[in-house]
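The block underneath contains the structure these notes are about, expressed in structure tokens.
The values are calculated or read from the model by the stated rules, or taken from the named source; none is laboratory data. These numbers come from a predicted model, not from an experiment. Cβ sites come from the backbone with ideal geometry, for glycine too, and all protein chains shown count toward neighbours.
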Amino acid sequence: MCKRGITFTALLLGLCLLASCSMTPKKADIPEQIYQASLPSQKEKADIFVEPVEGISENFIRGADVSSCLALEESGALFYDAEGQQEDLFRLLADGGINWIRVRVWNDPYDADGNGYGGGNCDTEKAARIGRKAAEYGMKLLVDFHYSDFWADPSKQMTPKAWAKMDLEEKKKAIRVFTEKSLSEILEAGADVGMVQIGNEINNGMAGEQVKKEAAALLKEAAEAVRKVSDARVAVHFTDITETDKLSRWTEILQECGVDYDVFGISYYPYWHGGMDGLEKTLYDLRKKTGKEVCVLETAYPWTLEDGDGSGNSVSAKLADGYPATLQGQADAIRDVCDRVVRAGGIGVFYWEPAWIPVHHYQGEADILAENQKAWETYGSGWASSYAAAYDPDDAGRYYGGSSWDNQALFDFDGKALPSLNVWKWLYHGAEGTLVLQYIEEPSMEITAGAPYTLPEKVLIQYSDRTKSGYQAVTWDTGSLNTTIPGSYDIPGQTTEGLETVCHLTVSNVNLVRNPSLEEDDSSMWKFDFRSGGTCADIQDKSDDAYEGSRALHFWSESDMDFTISQTVTAAEGGIYTLSFYAQGGDIGEDDSFEGFVEVNGEEKLAPFTLTGWQLWQNVRINGIKLNAGDRVTFGIRARAQAKAWGTFDCFSLSIR
Ligand code: CA
């Protein structure tokens, strides 16, 4: 019905356009629908437990972003159902309850020789093919325009190459033309476009425009272009619900600038963006304030912390409280995000890249890794290829590689559907199976030799019936444990219900750094020396920007920065020491420089490093520091950075390794 509606509207618009301008959408080539999945009518038996979501409507958007799927297919990746039978990806998604597909569109993700940048090489042509395929399986399409030639998010909104020399007025025309043309091509291919997203995670601007009102001027043009060629909902897309002031300001700017949109969408990743209460409240508040629909346009959660393709993953530690990286933990996270969106009056949830599996499952074999690397370069099935270097030298140019998301897919590393793929259809009546114990937390701790410590009082226990899951108090058998001797110890423990667990305790040598994680209130041992950029560094209390705990050394300024942060300590015993700390940050310039340093007895050792993005933590180390007992040693970070560069440093240690 809707598909015909769109065709009819497109035709009408085409007639109107004939009279006013040269662009005439062609008649859409509506594909025959070859499959229609249905939702269960009652609770089903399963390997995982899913509580039904009260009040969820049948039209609730249960979306999947599968932008990388064609590149994966070209690379030779295959998908299988739970029984191990090879099956079409879209059929598997439909059977899992997915009713919408999302696809990103980059303006021109190719270098001058036509080599793809990777990340699926998602251009209009690919989006059109994915959109048509979705329609064949009875699914609507969300078109996600990044208005860049490659990844766009809060840390980068690079201008498309073709727009590089344009001023704002020229860009306004260009975004209108591009949106109309690209969307028309996707519609003509037969996609059932239900929503169009203008810009991707545009908290800090879009298409190279960092001033919010100028970015909003582009949004206004883009929204009008969507209205001109389709009757799809227009969505704006932001991220990070913890930035409530910024999101609120954006709602005002969108209104002031007359941006005609229907949906205020956000990304919500439970391990980055705080608890689910915050999700529900922010969505509710945004809906009330704007009077628009609200939607989670991206979410995901890991089922494992392992890597499956030989290319590191975005999330390999630091999970959301109460959600272990297990099949049940992943299922719970999805179900709970949907539940909160329903409670907030939202229209749906899109899961980001549930099918971004390894090309080949890598388990340490050099030839498999080489094959994967070849596929990422040839077909763009990794997050970035080396060809992206000219456009994105600081990120893709340095760290190009495979899937950073294989542990958050809804398929295992060999492409077999996980039980958690079915959460979407089980949102209505739930799923339940035999009661089995699924997970017992094994906590890890690190202390310095001889330091006082307290082992965790409780551990997370998870059953297939979630109502029986939760934290249980635990008694640890510390027996003959001697924590004055450095080493790794596994301490056995038993919960109140008699379940056995282990605490992995690492006892390291004495750390000379005082207040090493910045968590203590007295920070007077840290010395700040500002040469330019004003008081551009301080101690920030924000857990998302801390490697451990919630506080970290932080820098940012409106103007260019030049500063040193240091601490001076005395070595109690002689030995060969290592300095280690963690750093993350971004928006740095080509000439910016960062270095860790250690000065002792008039000699200096350096470790230059760079900052590659938000939460892309790098471990900076200086090895082989010879200290005699009584030596005074100064260590820290020297930095020279352009205005608006930002970053944090955390978790320092200076110890004998
Ligand atoms: Ca990976």
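Residues of region 557-585 being at negative phi and either polar (S, T, N, Q) or within 23 Å of the chain's Cα centre (by Cα) (or both), which ones?
So in region 557-585, the residues at negative phi come out as 557-574, 576-584.
Passing the criteria: 557, 559, 564, 566, 567, 568, 570, 578, 580, 582, 583, 584.
For region 378-410, which positions are under 16 Å from residue 77 (Cα atoms), more than 13 Å from the ligand (Cβ to nearest atom) and either crowded, with 21+ Cβ neighbours inside 10 Å or under 22 Å from the mean Cα position of the chain (by Cα) (or both)?
If the condition is that a residue be under 16 Å from residue 77 (Cα atoms), more than 13 Å from the ligand (Cβ to nearest atom) and either crowded, with 21+ Cβ neighbours inside 10 Å or under 22 Å from the mean Cα position of the chain (by Cα) (or both), then 379, 380, 410 are the ones that fit.
Quick grid of which residues meet (1) farther than 28 Å from residue 169 by Cβ; (2) touching a strand residue (DSSP E or B) at 6+ places or on another chain (Cβ under 7 Å); (3) of a type outside the set (Val, Ile, Thr):
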| site | (1), (2), (3) |
| --- | --- |
| 202 | no, yes, no |
| 206 | no, no, yes |
| 222 | no, yes, yes |
| 230 | no, yes, yes |
| 241 | yes, yes, no |
| 264 | no, yes, yes |
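Looking at region 70-86 only, could you name the residues that are surrounded by 13 or more Cβ atoms within 10 Å (Cβ to Cβ) and touching a residue at least 24 places away in the same chain (Cβ under 8 Å)?
Listed by number, the residues that qualify are 70, 71, 72, 74, 75, 77, 78, 79, 80, 81, 82.
Out of 317, 417, 355, which single residue is buried (at least 22 other Cβ atoms within 10 Å of the Cβ), under 19 Å from the mean Cα position of the chain (by Cα) and away from the ligand (no atom under 13 Å from the Cβ)? Break it down stepwise before answering.
Numbers: 317 fails: buried (at least 22 other Cβ atoms within 10 Å of the Cβ); 417 fails: under 19 Å from the mean Cα position of the chain (by Cα).
Going through 317, 417, 355 in turn, the sole match is 355.
State whether the residues of region 10-18 include one that is surrounded by fewer than 13 Cβ atoms within 10 Å (Cβ to Cβ) and modelled with pLDDT of 95 or more.
No, there is no match, as no residue in region 10-18 is surrounded by fewer than 13 Cβ atoms within 10 Å (Cβ to Cβ) and modelled with pLDDT of 95 or more.
How many residues are away from the ligand (no atom under 16 Å from the Cβ) and either outside any loop (DSSP other than H, G, I, E, B) or touching a helix residue (DSSP H, G or I) at 6+ places or on another chain (Cβ under 6 Å) (or both) if we restrict to region 273-314?
22
Could you count how many residues in region 323-354 are part of a loop (DSSP other than H, G, I, E, B) and closer than 24 Å to residue 281 by Cβ?
The qualifying residues number 5.
Just one of (1) modelled with pLDDT under 95; (2) of a type outside the set (A, V, I, L, M, F, W, C); (3) within 16 Å of the ligand (Cβ to nearest atom); (4) touching a Gly at 6+ places or on another chain (Cβ under 7 Å) trips up residue 323, so point out which.
(3)
Quick test for you: out of 342, 296, 263, 315, pick the one residue that is under 29 Å from residue 431 (Cα atoms) and touching a Cys at 6+ places or on another chain (Cβ under 9 Å).
296
Pick from 222, 215: which is free of Cβ contacts under 8 Å to residues at least 60 places away in the same chain, in the same structural domain as residue 418 (by TED's automatic domain parsing) and surrounded by 23 or more Cβ atoms within 10 Å (Cβ to Cβ)?
Only one candidate qualifies: 215.
Only one of 566, 488, 480, 524 is without any contact (Cβ under 8 Å) to a residue 40 or more places away in the chain, among the hydroxyl-bearing types (Ser, Thr, Tyr) and part of a strand (DSSP E or B); which? If you could, list the steps in order and put the result at the bottom.
Details: 566 fails: without any contact (Cβ under 8 Å) to a residue 40 or more places away in the chain; 480 fails: part of a strand (DSSP E or B); 524 fails: part of a strand (DSSP E or B).
So the residue among 566, 488, 480, 524 that is without any contact (Cβ under 8 Å) to a residue 40 or more places away in the chain, among the hydroxyl-bearing types (Ser, Thr, Tyr) and part of a strand (DSSP E or B) is 488.
Taking only region 66-118 into account, find how many residues are among the small types (Gly, Ala, Ser), assigned to a loop (DSSP other than H, G, I, E, B) and either on the phi > 0 side of the Ramachandran plot or within 23 Å of the chain's Cα centre (by Cα) (or both).
Residues flagged as among the small types (Gly, Ala, Ser), assigned to a loop (DSSP other than H, G, I, E, B) and either on the phi > 0 side of the Ramachandran plot or within 23 Å of the chain's Cα centre (by Cα) (or both) within region 66-118 amount to 9.
For the list (1) within 23 Å of the chain's Cα centre (by Cα); (2) within 23 Å of residue 236 (Cα to Cα), I need the number of the one condition that residue 128 fails.
Failing condition for residue 128: (1).
For a quick check of your reading: which strands (runs of 3 or more DSSP E) sit entirely within region 587-657 and have at least 3 residues that are within 17 Å of residue 556 (Cα to Cα)?
So the answer is 593-600, 613-627, 632-641, 646-656.
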